[in-house]
Amino acid sequence: MAKLNLLESVLLGLLARRPSAGYDIRKYLEKSGRIYGYAPQASQIYRQLASLVRRDLLEFEIDTGRGGPDAKVYSPTPAGFRAFLEWVDAPFQPSERPLDAHFQLHFALAGAVSPVVALRIVETELAFRLEQEANWAPDLFLPTTVEEPLDLEWMDEAAFLGDARGNQLASAHISWLRTTSRRLRRYIERTGAVWPDPRWSRLAGE
């Protein structure tokens, strides 16, 4: 199994959809970073692309229709597709932070290969967030001694308001997860979607 870091997974996931130059990937992530919650530096992207080529997970062709150093158009090799699908199939581990980019990236990239995979990710995230919500017990981080000019009453109020905002965002996330789970189940029943999908297996040379 090819061990992938986060950026390598993102690059393989994007290139599995459409062969692209490093410049195109960088511009896409800069523009759509709000969708993924993740926007790596250009130097990181180019470095990881070169690393994936050395590991035979990517190959490239020179696009003679454009000039400059970004004329390499990358696409996954069969080994690259296999590495990406291994990442897709790996158990999803939610992060402690409800709105971390970790979930969004998995849903947008791994979930895009099949509604079955998307449902698995969503239901894992939902179960984790429900348990997290049930066991949530905030602890106010206030000074142990009162010293001027500290206003402990206001510090307590500010902490309460911050916690209320966090709870509202977490509740909205849970509501979205529930709705998405129901829609994915209906979509799978209607279309008969299955995973593994033979179309992806062929790309991986299997």
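Name the residues in region 182-206 that are in a helix (DSSP H, G or I) and buried (at least 16 other Cβ atoms within 10 Å of the Cβ), would you? Of everything in region 182-206, those that are in a helix (DSSP H, G or I) and buried (at least 16 other Cβ atoms within 10 Å of the Cβ) turn out to be LEU184, ILE188, TRP200, LEU203.
Between TYR74, TYR46, TYR23, TYR36, the distinction of being of a type outside the set (Gly, Ala, Ser) and closer than 30 Å to GLU133 by Cβ belongs to TYR36 only.
Note on region 89-124: residues that are among the β-branched types (Val, Ile, Thr) and surrounded by fewer than 18 Cβ atoms within 10 Å (Cβ to Cβ) total 2.
Considered as a group, the residues in region 17-58 that are part of a loop (DSSP other than H, G, I, E, B) and in contact (Cβ under 8 Å) with a residue 40 or more places away in the chain include one that is surrounded by the fewest Cβ atoms within 10 Å (Cβ to Cβ), and that residue is GLY37. Evaluated against (1) within 30 Å of ALA170 (Cα to Cα); (2) modelled with pLDDT under 90; (3) exposed (fewer than 15 other Cβ atoms within 10 Å of the Cβ), ASP63 falls short on exactly one condition, (1). The residues on offer are THR124, THR144, THR191, THR180, and the sole one that is hydroxyl-bearing (Ser, Thr, Tyr) and either modelled with pLDDT under 80 or assigned by TED's automatic domain parsing to the domain that holds ARG82 (or both) is THR144. Looking only at region 1-16, which residues are in contact (Cβ under 8 Å) with a residue 60 or more places away in the chain and outside any helix (DSSP H, G or I)? MET1, ALA2, LEU4, listed by residue number.
The values are calculated or read from the model by the stated rules, or taken from the named source; none is laboratory data. These numbers were taken from a predicted model, which means no experiment stands behind them. Please note: Cβ atoms are built from the backbone with ideal geometry, for glycine as well, and neighbour counts cover all protein chains shown.
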